[in-house]
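Read through the structure below, which is laid out as structure tokens, and then see the notes.
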Amino acid sequence: MRAGWRVAPAICLCIALAASTLAPAAATAGSAPVPAEISGALPGGGAFVLRSDPTVGDAAVELWFRAPGAGYDSRTPGISRLAADATAASPAPGGTTLSKLVKRMGGVFSVNVFPDIVQISASVPAGDARRVVAAMTAAYTAPSVDQAGLNAAVLDAAFSIGERRFDADLTLRDSLFAQLFAGGPAHYPATPGDVAALAHIPLAQVRTFAERAFRPQNEILTLAGNVDSSLLTAVAAGRSGPPMDPPFDSQPATAVKPLLQTAPVPGIGFGWLGPPIGDARAATALDFVADYLFNQEDGIVAKTAGTQPSEIFVDGQFITLHAPGVLLVTVSGPHYGAVRARLIEAVAALRHPLPAAQFAAARNAFEYRILRNAQTPTSQADNFGWYTAEGDGPYAPGDQSQIYLREVESLDPQFVAKVVREYLEHPAVVELTVPANQEAAR
């Protein structure tokens with residue numbers, strides 16, 4: 001799963017709900033049936049996925065682009081973030097900015113940038129969905145970035161960088177990815193740690209990147225909630241350009257060494273390279289492992305953290321990528337060491353098959369959470385966008401094909417243990433320590 005790094009990817013309600021959740025909505029008397037889900041190509045060359053649920057009052061409208069966060073030559077870390085934010089903050093000719101438009105509707109607007117993907121997301125009342133589709137596709141497939149928009153993007157990045165300094169989870173994630181990948185987008189943080197580097201990227205360079213990354217042929221439009229196919233006619237007319245980029249893979253490191261670095265908040269992180277999205281069964285097995293060990297409800301390592309005398313935060317997820325995926329685990333808090341041994345022990349124990357009854361209960365709980373977490377329009381649009389961008393949209397949790405659920409059902413204790421032995425052997429390890437002078441000042 002993914003989960004936006006914190007989004008993993010997503011999942012649904014109990015098995016009893018699966019059939020009704022994933023089946024087409026029933027038509028009312030005298031009306032035409034409403035398809036639960038359709039997908040296809042956009043007139044401009046991009047792709048779309050639409051999931052209709054007329055019983056809800058809101059709509060999720062999202063654009064996804066395959067775009068390398070450090071630029072097409074990997075020389076400008078953070079440029080995709082600047083381009084995405086600046087586009088949202090620059091007014092279209094004769095209009096307002098996209099972010100202000102959505103907020104005036106009472107909606108929620110966000111831009112999320114990952115090392116290999118850009119996500120533009122809006123959740124709005126269903127009656128405003130058509131206007132948002134038109135405005136969003138116009139803004140991004142014909143970007144008109146101005147200096148004021150770029151300045152706003154740099155300021156937003158500055159606030160984010162300041163906050164991220166005190167977020168051990170994000171610090172560990174960036175450092176682990178830099179360790180696991182020797183090159184390519186995943187080697188670089190989507191948001192660099194120094195705003196000065198972003199402030200020196202000229203407007204012309206940001207415009208050039210935006211025009212290349214956000215071209216119509218490269219867009220993936222996902223729609224969920226109270227939406228229907230008529231919204232597709234609101235997609236802005238395209239311009240000529242090359243076809244959609246393939247997923248941007250990164251080069252795995254041949255060897256990793258433990259890394260010790262200072263930070264305002266202490267913690268430790270572990271990272272393992274896993275299977276690609278093309279090996280769906282193995283990827284699903286590591287989703288199960290992450291859930292079994294680290295979910296916040298009853299994960300066996302997460303429960304260990306909850307028994308400690310002071311706050312310790314544990315987060316673990318398998319991030320589904322085109323090739324390869326990554327299992328990340330982060331532990332933060334002053335006494336993170338109390339969980340470290342338990343974490344290593346728990347991962348090692350899964351090299352051996354779980355007892356059948358214990359495995360069956362854990363798999364059922366995992367499937368429940370998958371279904372539960374894929375219920376909202378936003379979570380559905382998130383899943384469709386992420387998995388399509390990474391190369392296999394039908395594998396997305398919640399897709400009407402139910403491929404993901406079938407992969408879950410196919411798991412058995414022996415196969416999961418085999419995957420753990422194959423992939424979870426030699427992790428990258430990053431440890432954060434607080435400088436002595438800062439510790440003494442507490």
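The values are calculated or read from the model by the stated rules, or taken from the named source; none is laboratory data. Quick caveat: nothing in here was measured; it's all calculated off a predicted structure. Please note: Cβ atoms are built from the backbone with ideal geometry, for glycine as well, and neighbour counts cover all protein chains shown. Each accessible area value is taken on the protein alone, full model and side chains, heavy atoms only, with ligands, DNA and RNA left out. Shrake-Rupley method; radii C 1.70, N 1.55, O 1.52, S 1.80 Å.
A few notes on this one:
- Cα gyration tensor category, rounded, prolate or oblate, for the chain with a/c compared to 1.5: oblate
- Solvent accessible area, Å² - Ser90, 1.4 Å probe, full protein context: 10 Å²
- Alpha carbon centroid spacing (whole Å) that separates the stretch 101-122 from the stretch 406-423: 36 Å
- Site pair Ala253 and Gln205 shows an inter-label distance of 2.6 nm when each label is modelled 7 Å from Cα along Cα→Cβ.
- Length released on extending from Arg406 to Ser240, taking residue separation times 0.36 nm less the Cα-Cα span: 55.8 nm
- Peptides 384-395, 275-286, 78-89 ranked from most to least packed by the mean count of surrounding Cβ atoms within 10 Å: 78-89, 384-395, 275-286.
- Accessible-area composition of the stretch 199-308, carbon plus sulfur, in percent [1.4 Å probe]: 56 percent
- A crude spin-label estimate for the pair Ala436 and Gln358, with each label 7 Å from Cα along the Cβ direction, gives 4.4 nm.
- Ranked by how many other beta carbons lie within 10 Å on average, peptides 349-358, 420-429, 119-128 from highest: 119-128, 420-429, 349-358
- The residues of the chain have, on average, 40 Å² of accessible surface per residue, using a 1.4 Å probe with all protein chains present.
- Zone of Thr96's modelled label, taken as backbone nitrogen in the stretch 112-137 under 13 Å from a point 7 Å along Cα→Cβ: 132
- Around Gln217: net Lys/Arg minus Asp/Glu count, Cβ-Cβ under 14 Å: +1
- These residues, His335, His200, go from largest to smallest accessible area, 1.4 Å probe, as His200, His335.
- Theoretical ellipticity at 222 nm over the chain - DSSP helices of four or more residues, -39500 (n - 2.57) apiece, nearest 500: -12000 deg cm²/dmol
- Between Ala197 and Arg281, the contour length at 0.36 nm per residue exceeds the Cα-Cα span by 26.1 nm.
- Under 10 Å, Cβ to Cβ, from Ala129 - net charge with Lys/Arg +1 and Asp/Glu -1: -1
- Between His335 and Asp73, the contour length at 0.36 nm per residue exceeds the Cα-Cα span by 90.2 nm.
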